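Student: Sharing a structure here in structure tokens format.
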Amino acid sequence: MIVNLSEEASNAMLDVLAGMMDGGSIKLFSDEGKTLAVLKLSDPSVRAAIDRELVFNQIAEEDAALAQGTASSARVDAADGTEVFSCDVGDQNSDAVIRLNTTKIYRDSPVRLKSFRLAMP
């Protein structure tokens, strides 16, 4: 079964996700499930959806990573800690949802996510 959403429906769905993410966070995890870093989302976290896409506002840098490891997945949480969605993490040459310049995270080192976009098909 295939569902084709209109642009208006896609934008509406993304806008609901946007409201859930305001003031939340992005947690980066290793393959073993260890939390490597937590990046704080702004409030509001994104601009209104346009053309089936959300563009995140500035994401706060993690000054000192919590642990060392290779980031392979992420979870975006609402401000109250409930999960909004999870996704894969890769380097800039990957097709992962979140792409970092390197997936190697070192304890007490800064972690940055310069930009992030979320799109609906």
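Student: To test your reading of the geometry: what angle, between 0 and 90 degrees and rounded to tens, separates the Cα axis of helix 7-21 from the longest principal axis of the chain?
Tutor: 40 degrees
Student: Then there is this: Please express the shape of the chain as an equivalent ellipsoid: the semi-axes are the square roots of 5 times the eigenvalues of the C-alpha gyration tensor, given largest first in whole angstrom.
Tutor: On the way: eigenvalues 133, 49, 30 Å².
Working from the Cα gyration tensor, I get semi-axes of 26, 16, 12 Å.
Student: While we're looking at this one, here's another question. Would you mind finding the longest exposed-site-free stretch of the chain, with exposed trypsin sites (Lys or Arg not before Pro) meaning DSSP loop and at most 16 other Cβ atoms within 10 Å?
Tutor: On the way: sites that count: Lys34, Arg47, Arg107, Arg112, Lys114.
It works out to 48-106.
Student: What percent does the relative contact order of region 7-119 come to when contacts are Cα pairs within less than 8 Å and at least six residues apart? List each step's numbers first, then the result.
Tutor: Numbers: 289 pairs, mean separation 31.1, N = 113.
Computed value for region 7-119: 28 percent relative contact order.
Student: At a 10 Å Cβ-Cβ cut-off, how would you order Val89, Val55, fewest neighbours first? Walk me through the numbers on the way to the answer.
Tutor: Details: Val89 23, Val55 14.
So the ranking, lowest neighbour count to highest, is Val55, Val89.
Student: Using helices alone, what [θ] at 222 nm do you get for the chain, with -39,500 (n - 2.57) per DSSP H run of 4 or more residues, divided over all residues and rounded to the nearest 500?
Tutor: -4000 deg cm²/dmol
Student: Can you tell me the mean projection area, over all orientations, of the convex hull of region 55-104's alpha carbons? Units nm², please. It would help to have the intermediate numbers written out before the result.
Tutor: Numbers: hull surface 17.2 nm².
Quarter of the Cα hull surface area: 4.3 nm².
Read the figures in this text as sums done on the coordinates, not as results from a lab. Quick caveat: nothing in here was measured; it's all calculated off a predicted structure. Here the Cβ is made from the backbone with ideal geometry for all residues, glycine too, and neighbour counts use every protein chain on show.
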